Amino acid sequence: MSFKKILKDKLGKNYYKFRLSYILNSLFGKLYVTLRKKFKSFIGNFNFFKNKLNKKIEHQKIIQKESGFLIDATKNNYLTYHLRPKNSENFSLESTCKTDEKLAIIIQGPIQEKFLFLKNTINIYKKIFKNSIIVISTWENENKNLINSLKDENIFTLFSKEPQKSHSNVDHQIISTNKALKFVQEKGVKYSLKTRADIRIHKNNLETFLISLIKTFPVKKNELINSRIIAPSLITFRYRLYSLSDIVLFGETTDLLEYFKNESFKDGLKMFGLNEKNLIKNFTPVVAEIFLCSRLIQNINGQVLWNLEDWWNSLRNFFCIIDNSALDLFWYKYDWDYEYRFLRTYSDKFSRAIDFQDWLSLYNNCENNWHLASSEHEKYDDQLKLTNIFKN
């Protein structure tokens with residue numbers, strides 16, 4: 001117990017009379033108030049040094065613990081910052097929502113040196129995904145004993161034989177995700193949230209929120225999927241054709257099985273008249289998330305038109321884009337310390353990524369006029385290098 005707490009307990013409602021500020025104000029009156037304002041103004045000149053990162057703001061701390069500091073040397077911009085706990089013991093947020101539907105959180109991909117990150121992620125998910133089971137789907141050449149140490153009655157581990165390398169390791173993603181989805185389907189899980197080992201979600205009460213989105217925005221009637229597939233704004237790009245984020249996806253388990261259909265990258269390219277030496281369709285590289293998304297559109301519509309109108313119509317009809325902040329999403333890779341990368345810009349006339357505001361206007365057929373900002377989509381050369389918009 002702190003000395004301050006002991007004094008409060010002993011002195012009760014008279015505690016405030018023993019605070020230094022009360023005593024000085026009683027002794028010096030207006031002079032004290034004036035000097036205090038001048039002192040605060042002087043100290044404000046040194047605001048570039050921030051060492052009370054876990055301070056209480058309006059009765060609540062954002063984080064429990066932080067012993068480090070920040071130095072803000074920016075001149076032409078306002079710097080804001082957001083801290084997330086590295087370790088699960090410093091994460092107290094919990095979920096209170098309940099649902100009758102079964103859900104699964106799928107964590108796929110290589111783990112290796114990210115085991116400690118994964119372990120803390122699992123312990124956080126136990127607090128915020130109380131209605132869900134968790135499935136870790138990775139490779140046989142991983143440290144099985146270490147990964148299996150995470151198992152309990154609601155946490156499962158799956159190990160697959162690692163496939164040969166494909167472009168962007170898309171076959172790795174398909175195999176590990178498909179196996180996990182089939183596993184949870186056999187357990188009667190209706191909804192699944194697909195993530196990766198280098199991703200961490202921090203928002204509580206997500207299970208009812210994500211199901212509510214599916215119920216609020218029915219999918220356009222088709223013969224393949226029952227509901228919309230929900231993706232975050234991170235790497236869901238406005239002008240890169242069929243660039244739906246594959247980092248995190250939520251939907252009905254059967255629909256995600258269609259998205260991660262157990263078909264190799266090599267075989268999937270054939271429907272577009274492509275092969276592993278020719279990956280470009282209308283200046284668009286059919287790789288990674290573009291391959292997965294365009295493959296689903298092909299299977300739903302029977303064709304992919306490879307233009308902006310078709311991409312935006314697909315977003316309107318079959319998907320739902322939500323903000324990264326709706327998930328409190330952290331991707332521990334590629335400029336991870338830039339919180340709003342791709343999503344916020346003040347140096348261009350428009351940002352590269354699509355957020356929920358953009359998608360909702362698109363869904364309601366509002367006049368977004370995105371074509372006025374750019375009438376052409378992102379174009380790439382044979383080396384998969386961007387050649388037009390955003391290239392600088």
Give segment 149-190 a look and list any residue that's within 12 Å of Ile106 (Cβ to Cβ) and either assigned to a helix (DSSP H, G or I) or modelled with pLDDT under 95 (or both), or say none. Gln173, Ser176, Thr177, Asn178, Lys179, Ala180, Leu181, Lys182, Phe183, Val184, Gln185
Among residues of segment 374-383, those that are surrounded by 12 or more Cβ atoms within 10 Å (Cβ to Cβ) and either in the same structural domain as Asp310 (by TED's automatic domain parsing) or part of a loop (DSSP other than H, G, I, E, B) (or both), counted: 5
Having 2 or more residues that are touching a Leu at 6+ places or on another chain (Cβ under 9 Å) and under 28 Å from Lys102 (Cα atoms) is the bar; report the helices (runs of 4 or more DSSP H) wholly within segment 246-329 that clear it. 253-259, 288-301, 308-318, 324-327
Report, ordered by the first and then the second residue, all pairs with beta carbons closer than 6 Å, sequence separation of six or more or different chains, a first member in segment 354-377 that is closer than 14 Å to Asn313 by Cβ, and a second member that is charged (D, E, K, R). Ile354/Arg238; Leu362/Arg316; Tyr363/Arg316
Residue in segment 278-287 that is within 25 Å of the chain's Cα centre (by Cα) and among the aliphatic types (A, V, I, L, M) present: yes
Within segment 192-225, the residues that are of a type in the set (Ser, Thr, Tyr) and outside any helix (DSSP H, G or I) are Ser192, Thr195
Please enumerate the residues belonging to segment 36-78 that are of a type in the set (D, E, K, R) and either under 25 Å from Ile23 (Cα atoms) or at pLDDT below 80 (or both). Arg36, Lys37, Lys38, Lys40, Lys50, Lys55, Lys56, Glu58, Lys61
Is there a residue being buried (at least 23 other Cβ atoms within 10 Å of the Cβ) and under 30 Å from Asn364 (Cα atoms) anywhere in segment 202-222? yes
Scan segment 176-201 residue by residue and report those that are surrounded by fewer than 22 Cβ atoms within 10 Å (Cβ to Cβ) and more than 30 Å from Ile62 (Cβ to Cβ). Asn178, Lys179, Lys182, Phe183, Gln185, Glu186, Lys187, Gly188, Val189, Lys190
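The values are calculated or read from the model by the stated rules, or taken from the named source; none is laboratory data. The structure displayed is predicted, hence computed values, not measured ones. Reconstructed Cβ throughout: ideal geometry from the backbone, glycine too, with neighbour counts over all protein chains shown.
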